[in-house]
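The values are calculated or read from the model by the stated rules, or taken from the named source; none is laboratory data. Keep in mind the model is a prediction, meaning the values are calculated, not measured. Cβ coordinates were reconstructed from backbone atoms using ideal geometry, including for glycine residues, and neighbour counts include every protein chain displayed.
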Amino acid sequence: MRNFLETKFGPAELNILHTALEEWCEINSISRLDPDREIAAAVLITLFREGHSSVTDLLCAAERHKGLKDLAHSPKMAEYSVFDEQPLSVKACSR
């Protein structure tokens, strides 16, 4: 628990979080003005603190997160998976 609370966020970590949030929101059709974006950001910060420290790893963890699944606005999300071929940075997640 100590590592979780003492996670430091420098420019590199913030860039990872920002990139992951932007990609997750693009995948799920979440606009910049959508209040759900703030919730997604908070969840991604928590996932980062839990040890998911790359964009790919964060997006894979986000795909498995029930709360983020519930936030997804896009009907395409039901058939979309980071396991599928896509133009974003995620190529594959370990199942």
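The table below gives the values:
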| read-out | value |
| --- | --- |
| Qualifying residues in the stretch 17-74 (those that are among the hydroxyl-bearing types (Ser, Thr, Tyr) and outside any helix (DSSP H, G or I)) - the one farthest from Thr7 (Cα to Cα) | Ser74 |
| Meets criteria (among the small types (Gly, Ala, Ser), within 15 Å of Cys93 (Cα to Cα) and either in contact (Cβ under 8 Å) with a residue 60 or more places away in the chain or surrounded by fewer than 21 Cβ atoms within 10 Å (Cβ to Cβ) (or both)) for Ser29 | no |
| Scope the stretch 32-56; condition in contact (Cβ under 8 Å) with a residue 40 or more places away in the chain and among the polar types (S, T, N, Q); matching residues | Ser53 |
| Meets criteria (at pLDDT below 95, among the hydroxyl-bearing types (Ser, Thr, Tyr), on the phi < 0 side of the Ramachandran plot and within 14 Å of the chain's Cα centre (by Cα)) for Ser81 | yes |
| Which numbered condition Phe9 misses (of (1) farther than 20 Å from Asp70 by Cα; (2) among the aromatic types (Phe, Trp, Tyr); (3) at pLDDT 95 or above) | (3) |
